[in-house]
1. Using only the alpha-carbon atoms of region 171-327, report the extent along each of the three principal axes, biggest first, to the nearest angstrom.
2. Between beta-carbons, use under 10 Å as the cut-off and find the net charge around ILE312, counting Lys and Arg +1, Asp and Glu -1.
3. Which whole-number percent is the relative contact order of region 195-246 (Cα, under 8 Å, 6+ apart)?
4. Using a 1.4 angstrom probe on heavy atoms only, work out the carbon and sulfur share of the accessible area of the chain in %.
5. Using Cα pairs closer than 8 Å and at least 6 residues apart in sequence, work out the relative contact order for region 196-315, in percent.
6. Just to be sure I understand the curve: with the Debye formula and one point per C-alpha of region 88-165, what is log10 I(q)/I(0) at q = 0.23, 0.26, 0.27 Å⁻¹?
7. State to the nearest 20 debye the size of the charge dipole of region 328-391 about its Cα centre, where the only charges are +1 on K and R beta carbons and -1 on D and E beta carbons.
8. What percentages make up the Cα-Cα pair-distance distribution of region 262-307 when the bins are 10 Å wide from 0?
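The values are calculated or read from the model by the stated rules, or taken from the named source; none is laboratory data. From a predicted model like this one, the values you see are computed outputs, not experimental measurements. Cβ coordinates were reconstructed from backbone atoms using ideal geometry, including for glycine residues, and neighbour counts include every protein chain displayed. Just so you know, the surface numbers come from the protein's heavy atoms only, side chains and all, with ligands and any DNA or RNA stripped out. Shrake-Rupley method; radii C 1.70, N 1.55, O 1.52, S 1.80 Å.
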Amino acid sequence: MKTIMMTTIGSRLKFVVLGLALTLMVILLCGVMLTGADASTVRIGIASDVKDFNPSWVDSAHWAILRTLYDTLLEFNAEGELIPYLATNWEVSGYNITIQLREGVMFHGGKELTAEIVAANIEFYQDEAVGGHTYGTVKHISKISIDSKYKLTITIEGMTPEMFLRELPIHLQIADPEFFPLEREGAGTGPFKLEEWIPGERIVMVKNNNYWQEGLPKSDKIEWVVFDSPRTMVDALVNGLVDWVLPVSFEFVEELQGNADIVLGEGKQPFQNILLLGAGKTDSPFSNKMVRQAMQYALDREAFVALAFYGIGDVKTTIYWDKDPYYAGDLEPYAYYDLTRTRKLLQQAGYDEENPLEFALSFSSAFPTFRPIAELIKEDLASIGVHMDIVIQEPTTWIDSLYKGNYEATLSFMAPNNLFSQSHLRADAQNAPWRGLPPQDYLEAVEIALTSTDEAAVRSAHVRIQMILADESWEIVLTTRPQLFAWRSSIRGVDRQINNVPILQYVESAD
């Protein structure tokens, strides 16, 4: 992880200077006054709460918090290579994967990790109703064999073993089955265990004294404090009432850079901001590809970077990450800002002054940086006769509508999951960009990408996949967005995984 070294962004950044009395007042959260924590406690400010303790629902709050409770079978090192974690070894034979578990790993309640418990987790996540993002991975497991107390063999169908193994560190977090369905509480083998959850206020975790990594964690307690606004969260950090904040809104960068007590950093890989267009009902305007393509040219991406992210980030139009080995950089200029072309495409799709395009664009209140993007899109579309409503939803409501596809259009983002775009290689109805089965040419390209031994053919297939994804325009990439976070200079051991998930077992206060 690197500390941000930026030049002053300019006069666009304007901050409200609060008096000391007001600053102390804004740290009143949900009726609970924050007080300084002792050196054995690390307090982390977060912009939104978890919806439950099911780790399969992947969003920024869940990743940061629940990865502290749960461990995965495998992990990634800083170079994106698979390394042992709860599993010490794995062997592939055809589509059979044999996993050897680490012995002596204990759950928070004193139960030992076994092959049967891993199998129970897989079966739990194979229920689509609770499986969330994990369902898309474990549904490919057709058979589970318990070979011994600490060894199991799984058989997969419809996914290559390599892809399956690379998805495990992201999606399969092992929980104690005693706590299923993980709604109000949960227990894993992670460095901290749950002590208290007051929804909308705080989550308190205490040290797991039986953690399998000797000498860890460094701190006795982690307290996650939910804030009602980015301003309030930053004020609490500046005044020493929290030690670390996740994330930092871009408008506070210049302010925090001038504070000697604060370290400002960014994640290892930037997120990608995306516009998702849902078919939803059968009469949705976005079921027409021409309408989706029209939206590609209605997006002033350079203005989004300047207004929403204060110049931090880059224009982006392709779905693959620039660190992906098959990233096609020459496709980046795929779409450009051209309202005339948007109007023409909409007219060809049957929309005009008498029959205007109308739709709602939603986003979560946890991501206020999307507001200026939404407002600019609305203003530009209005200039060519399109009516767009902006709907700002409470985070859990937005997450629910996102997972269920109950939206016409929504602003979201993609995390850099291991730098590879493997989720887009799922050739089935669960594939993220599609509403239904992908087109045949996409399926053919995926087949080559997954099975060919000719590197040139594989690369060509991946380029074709990126072109098809852009052409279909279900997911429209807008910009990159580094994830910013800040911590007190007294905090040691701050680091993040390659996909920006905090690593908290090494964190401690030097005070």
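1. Rounded to whole Å, the extents work out to 57, 46, 36 Å.
2. So the environment of ILE312 carries a net charge of -1.
3. 27 percent
4. Of the solvent-accessible surface of the chain, carbon and sulfur hold 49 percent.
5. The value is 14 percent.
6. Debye intensities relative to I(0), on a log10 scale: -1.13, -1.27, -1.30.
7. Approximately 100 debye in magnitude.
8. 20, 34, 27, 14, 6, 0
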